[in-house]
1. So which residues in the range 129-153 are touching a Ser or Thr at 6+ places or on another chain (Cβ under 9 Å) and part of a loop (DSSP other than H, G, I, E, B), if there are any at all?
2. If you check every pair at least six apart or on different chains, which have Cβ atoms under 6 Å apart with a residue in the range 70-92 that is under 15 Å from GLN131 (Cα atoms) first and a residue that is part of a helix (DSSP H, G or I) and at pLDDT 85 or above second?
3. Just to verify a result, which residue in the range 213-236, among those that are under 21 Å from ARG271 (Cα atoms) and touching a helix residue (DSSP H, G or I) at 6+ places or on another chain (Cβ under 9 Å), is surrounded by the most Cβ atoms within 10 Å (Cβ to Cβ)?
4. Please determine whether any residue of the range 247-265 is of a type in the set (A, V, I, L, M), surrounded by 15 or more Cβ atoms within 10 Å (Cβ to Cβ), within 22 Å of GLY127 (Cβ to Cβ) and touching a residue at least 12 places away in the same chain (Cβ under 8 Å).
5. Which one of the conditions (1) touching a Phe, Trp or Tyr at 6+ places or on another chain (Cβ under 7 Å); (2) at pLDDT 95 or above; (3) within 30 Å of PRO102 (Cβ to Cβ) does MET167 fail to meet, given that it meets all the rest?
6. So is VAL10 modelled with pLDDT under 95, assigned to a loop (DSSP other than H, G, I, E, B), among the β-branched types (Val, Ile, Thr) and within 20 Å of the chain's Cα centre (by Cα) or not?
7. Suppose the filter is in a strand (DSSP E or B), surrounded by fewer than 17 Cβ atoms within 10 Å (Cβ to Cβ) and under 21 Å from the mean Cα position of the chain (by Cα); does VAL193 pass it?
8. Residues in the range 73-96: is at least one among the charged types (D, E, K, R), out of contact with any helix residue (DSSP H, G or I) (no Cβ under 9 Å at 6 or more places or on another chain) and within 16 Å of PHE146 (Cα to Cα)?
Amino acid sequence: MRLLPLGLIVAGACQNALDQRLAIVQETRVLAIVSQPAEAKPGASVTYGALVASPDGPVAAQPAWTMCTAPKPPTDDDAVSTACFDDGSSLVAIDPTAATVPSDACMLFGPDVPPGGFRPRDPDPTGGYYQPVRAQLPGIDLAFGFTRITCDLANAPPEVSEQYLKMYVANQDPTLAVSAPTDVAAGSEISLVASWPAAAAESYLYYDQTSQTLVTRREAMSVSWYATGGSLPVDATAVAEDDPSTSVSTTWHAPASPGPAWLWFVLRDSRGGIATQMVAVTVH
């Protein structure tokens, strides 16, 4: 099965000309998995929700949820271990309304030394580590989301580690507002705007291993665009961490035939936080 890692995105250029088929929903699929909170300590409680879309609009059915506890070998290219695809002992069924981050998450997926001869995980570009969660609906591709886990620093001087533990603030999911009409003419060009409060792009502590010091960085943001018909010039628009912009836009070419259509907007910050919005549109 094809892997759909939905909890993370790497910010790139302002207009990423990716495969447009990702933006147009031509089959039922999971567009996003939201972890609340976006970041948690091992042993903490989290809730999960899945945004599921189809060519006919939103899908109410929720997936079966499992947490994967298999560390990813360095040789694996996917975002998760291949063991996470199999219905074996590496999967633990969870209640998405009251899940618990495993107490050994920083050992399995973080900087602590894991069992079985695996080496500690490397952090992502923001210094983060992630617990994978799997969502499965019959007849569609498996989808994986990620909860960022708060772990100790690796290979940092003791005084820096202590300062980090005292000052680091866990990531929170951003908030998203959208501007899109609900009634459009067939074949028309429609402006879509996604925006967020300036505070949604949070500042956070980052350990610079070269200088062995803590530096303050700001989250990058990215919006993925989805529609059930028509066309979109890009499937995602990103704002770099040094860009103070609080909105992005694109143009949707509405379907040529009248009927219902749906738009989805998925905002991601670079530390794994996610917010979503949906707009139902009548094309006439």
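The values are calculated or read from the model by the stated rules, or taken from the named source; none is laboratory data. None of these values were measured; they are calculated from a predicted model. All Cβ positions, glycine included, derive from the backbone under ideal geometry; neighbour counts span all protein chains shown.
1. LEU137, GLY139, ILE140, ASP152, LEU153
2. Within 6 Å, the pairs are ALA70/ALA83; ALA70/CYS84; PRO71/LEU108; SER90/ALA83.
3. Taking the candidates together, the pick is MET221.
4. no
5. Failing condition for MET167: (1).
6. Criteria met by VAL10.
7. Criteria met by VAL193.
8. Yes, because at least one residue in the range 73-96 is among the charged types (D, E, K, R), out of contact with any helix residue (DSSP H, G or I) (no Cβ under 9 Å at 6 or more places or on another chain) and within 16 Å of PHE146 (Cα to Cα).
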